[in-house]
Structures are given as C-alpha cells and as structure tokens.
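Chemist: Got a structure for you, questions after.
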DNA sequence: CTAAACGTGGATAATGATTATCCATATTGT
DNA sequence: ACAATATGGATAATCATTATCCACGTTTAG
C-alpha cells in the first residue's frame, strides 16, 4: 500500500506552474525535464490534471499547460483524486460473506471503520492547498535556488 | 493505492480464532478453507501474524494456531502493521530536490502534511479492536449463520 | 499552404509489488 | 517409524503502475 509517485510529481508540476505569469504557458517537455521524470508518462499525468479541471492545456505550436484555478483553490486532495481516482483505500473482498455463508453479499465488518479512517485521512489532505505549499517553499529552501527556478520558468515559458 | 486483501483476510482469520476455547488450536488449512483463500498464501499471512506476536503457533501433529493476545488487546492497526509493515503511505521520491537543485536531499514540501494525514488515519485503526468487531457480528449477521460457524470451528479444532 | 511544435488518445511494453505455489526441513503426537 | 503440521526459501503467476510509441488534431510561423 503506497501512494503513487504520480501524485507527488503532479503536485510539484502544479507548483511549477504557479510561477507563470497570467496567460503564459509551459510545454509538457519543459515540465518533465525540470522535474526529472519520464517525459511520456508526465504527459499522461498532466492529461489527468486537465481532465480534473486543475490545468488548462493549449495545443499547437506555442502550446503547453497553465493553471486553470488559483493556487488557493487547488487542494492537495484534488490532485490526489485526479491521479489516483475516487476509489477508496479499502474495499471488501467478500470474505466475510464466504466465512459465514451469508445471503447478503455486501455485509462487511470492516467497512465502517475503514471508511471513517479514510475520511479522516482525506480531511487532512483537503486542508492544505497548493498556495499553502508555496508559502512554505521560502522556509524550506534557499532563496537563491528558488530564484534560479523562477528564472528557468520565465525563460522557457511561451506566449 | 489500495490496502492488501491480506489485511482483511488476517482480520477474519483472527476473528475465527476467537471462537476457540482456551488452549485449543486450529490448523492453517482449516482456516483457509473456511475463509476461501489460497491455502499456501494463507500460511504466509498466519506466519506474519505469529511474527507480530498476535498469534501463537504449535507445530507437529495436532498443531495449528491460536490467539496469543485477547481480542481486546488486538487492534485493527496491529493487524494492518503485521501484514503491510511499518512503511508509511507516502514517501518522497526526492523530486523537490531535483526541481530546485538543493543540497539537502531530504527536504520535501509534502512530508509534513502526509505524515499528519497518515497518523490521523492510523488513530482510527487504533481505536477498534478485534473485540469490538465480535460485538458487531451479532448485529450484522443472523444468529443462525454464526452458530453454524462456531460449530464448524469446534468440530475442526484440536487439543 | 506547408512545416514545425505541441497536446490527445490508444495500444502496448517494462517494471515492480502482491499473491500464489512448491519443496525441503523441523517438530510433535500416535 | 509414520503422519500431520508449521517454517522458510525459492520461484512462478498475476496485477497495478510506470513508461514508450505512434497516429492524429490543432495552432503558429514562415
């Protein structure tokens, strides 16, 4: 049981896009080379973020991706759902049914507990947004490195 | 990201063992046929539960498994850890480091949030024990089926 | 109007984790 | 001694995740 690395990659990709000025756009290749993952898989991730309405995409030459919502509106939970889907962490395999020879196939002793645990987990992920992460960047990393990153984004962006 | 089915199987295996009288023991094969999983894999699961000190095992003819703790002492969380291990749901892939060219490889914007979410999730799983599940059995399943299960256990147990 | 740069979508392969099987060994009861 | 059982290791099968490739549509530049 482990969270997909795609969630982390997506969060940082979105973070990168927060440095774009209004209406500018960043090509997928630039994003993936900056973050260092596989370029083709990154396109798939970005695609999911577009489907989830977190990013907007512009096709064609001078195309790329930009935020569709403000950093304040994008919760970490939204990114998680965009990549992992809405399926819950736990789902009964029907073993309780087998053990007791029950007629009702959906009875499960654990489901209530697991749902409660998961929603407790989710509530934390709903509390923080991309905006809160950008605030923490300054505390966690030297200004120098951050400025270098911003410079790269401004250099590579289009429009 | 999905919980292993082994966790659910283990919980129900333990539940089954709560029906054993003191000092009696149930062979692994009986457990797996009653729950309907793969027998050999079930042995592996039971093994992990023994290592985690939740079950005691008796080798040899007339051997098998029994609880090593009372149902009140076995938290769902303990079963989870026994099967899935102590590794956390999230672990940074170091992508933040790559993105910003940092020297310190362990900086990650998400780790605090994820740890908080996970510990919130765990706290729910620590609240309920096998004993609380046995209490709920009576509400969720007809007495008839439960009695049949208990009869089977008494028939198949040894010692 | 053509070419180049980009995103889209589908098919499919590579990788890795989980589940399952097999076998040799040790231990206990009859 | 033999049968039944747990143990532990090696390994295979299965499945989800990650990665690659290619054909296609759209936009911009020349």
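The values are calculated or read from the model by the stated rules, or taken from the named source; none is laboratory data. Remember, it's a predicted structure, so these values are computed and weren't measured experimentally. We place every Cβ from the backbone using ideal geometry, glycine too, and count neighbours over all the protein chains shown.
Chemist: Determine if the range B:141-152 includes at least one residue that is more than 10 Å from chain A (Cβ to nearest Cβ), in a helix (DSSP H, G or I) and either touching a strand residue (DSSP E or B) at 6+ places or on another chain (Cβ under 9 Å) or within 30 Å of residue B:91 (Cβ to Cβ) (or both).
Modeler: No; the residues of the range B:141-152 include none that is more than 10 Å from chain A (Cβ to nearest Cβ), in a helix (DSSP H, G or I) and either touching a strand residue (DSSP E or B) at 6+ places or on another chain (Cβ under 9 Å) or within 30 Å of residue B:91 (Cβ to Cβ) (or both).
Chemist: Still on this structure, please answer the following. From the list B:61, B:57, which one is within 14 Å of DNA strand C (Cβ to nearest atom), touching a helix residue (DSSP H, G or I) at 6+ places or on another chain (Cβ under 9 Å) and outside any helix (DSSP H, G or I)? It would help to see each step written out before you state the result.
Modeler: Working: B:61 fails: touching a helix residue (DSSP H, G or I) at 6+ places or on another chain (Cβ under 9 Å).
Criteria check complete, one pass: B:57.
Chemist: What's the number of the condition residue B:135 fails, among (1) under 21 Å from the mean Cα position of the chain (by Cα); (2) touching a residue at least 40 places away in the same chain (Cβ under 8 Å); (3) exposed (fewer than 14 other Cβ atoms within 10 Å of the Cβ)?
Modeler: Of (1) under 21 Å from the mean Cα position of the chain (by Cα); (2) touching a residue at least 40 places away in the same chain (Cβ under 8 Å); (3) exposed (fewer than 14 other Cβ atoms within 10 Å of the Cβ), only one is false for residue B:135: (2).
Chemist: Next question. Scan the range A:12-24 residue by residue and report those that are in contact with a strand residue (DSSP E or B) (Cβ under 7 Å, 6 or more places away or on another chain) and either away from chain B (no Cβ under 14 Å) or without any contact (Cβ under 8 Å) to a residue 40 or more places away in the chain (or both).
Modeler: Within the range A:12-24, A:20, A:24 meet the criteria.
Chemist: State the number of residues belonging to the range A:98-115 that are in a helix (DSSP H, G or I) and over 21 Å from residue B:4 (Cα atoms). Walk me through how you get there before you give the answer.
Modeler: At the first step, the residues of the range A:98-115 found to be in a helix (DSSP H, G or I) are A:98-100, A:111-115.
Okay, now just the ones that are also over 21 Å from residue B:4 (Cα atoms), so A:100.
Counting residues in the range A:98-115 that are in a helix (DSSP H, G or I) and over 21 Å from residue B:4 (Cα atoms) gives 1.
Chemist: Determine which member of the set A:70, A:40 is over 17 Å from residue B:109 (Cα atoms), at pLDDT 95 or above, more than 12 Å from DNA strand C (Cβ to nearest atom) and away from chain B (no Cβ under 14 Å). Step through it out loud before you land on a result.
Modeler: Details: A:40 fails: more than 12 Å from DNA strand C (Cβ to nearest atom).
Among A:70, A:40, only A:70 is over 17 Å from residue B:109 (Cα atoms), at pLDDT 95 or above, more than 12 Å from DNA strand C (Cβ to nearest atom) and away from chain B (no Cβ under 14 Å).
Chemist: Still on this structure, I have one more. Hey, could you check the range A:67-97 for residues that are without any contact (Cβ under 8 Å) to a residue 40 or more places away in the chain and not in a loop (DSSP other than H, G, I, E, B) and say which is nearest to residue A:154 (Cα to Cα)?
Modeler: Quick first cut of the range A:67-97, residues without any contact (Cβ under 8 Å) to a residue 40 or more places away in the chain only: A:68-69, A:78, A:81, A:85-88, A:90-97.
Now drop any that are not not in a loop (DSSP other than H, G, I, E, B), which leaves A:78, A:81, A:95-97.
On the way: A:78: 27, A:81: 29, A:95: 56, A:96: 57, A:97: 59 Å.
The selected residue is A:78.
Chemist: Looking at the structure I just gave you, is residue A:116 loosely packed, with under 14 Cβ neighbours inside 10 Å and either more than 9 Å from chain B (Cβ to nearest Cβ) or in contact with a helix residue (DSSP H, G or I) (Cβ under 7 Å, 6 or more places away or on another chain) (or both)?
Modeler: Details: loosely packed, with under 14 Cβ neighbours inside 10 Å: no; either more than 9 Å from chain B (Cβ to nearest Cβ) or in contact with a helix residue (DSSP H, G or I) (Cβ under 7 Å, 6 or more places away or on another chain) (or both): yes.
Here the answer is no, as residue A:116 does not meet what is asked.
Chemist: Just to be sure I understand, how many residues within the range B:56-107 are on the phi > 0 side of the Ramachandran plot and within 11 Å of DNA strand D (Cβ to nearest atom)?
Modeler: Residues flagged as on the phi > 0 side of the Ramachandran plot and within 11 Å of DNA strand D (Cβ to nearest atom) within the range B:56-107 amount to 3.
Chemist: Which pairs do you get when a residue that is under 20 Å from residue B:83 (Cα atoms), found in the range B:55-66, comes within reach of a residue that is near DNA strand D (Cβ under 6 Å from one of its atoms) and part of a loop (DSSP other than H, G, I, E, B), reach meaning Cβ atoms under 6 angstrom, with the pair 6+ apart or on two chains?
Modeler: Between residues of the range B:55-66 that are under 20 Å from residue B:83 (Cα atoms) and residues that are near DNA strand D (Cβ under 6 Å from one of its atoms) and part of a loop (DSSP other than H, G, I, E, B), the close pairs are B:64/B:27.
Chemist: Can residue A:27 be described as within 13 Å of DNA strand C (Cβ to nearest atom), farther than 19 Å from residue A:146 by Cβ, more than 10 Å from every other protein chain (Cβ to nearest Cβ) and without any contact (Cβ under 8 Å) to a residue 60 or more places away in the chain? Outline the logic, then answer.
Modeler: Details: within 13 Å of DNA strand C (Cβ to nearest atom): yes; farther than 19 Å from residue A:146 by Cβ: yes; more than 10 Å from every other protein chain (Cβ to nearest Cβ): yes; without any contact (Cβ under 8 Å) to a residue 60 or more places away in the chain: no.
No; evaluated as a whole, the condition is false for this residue.
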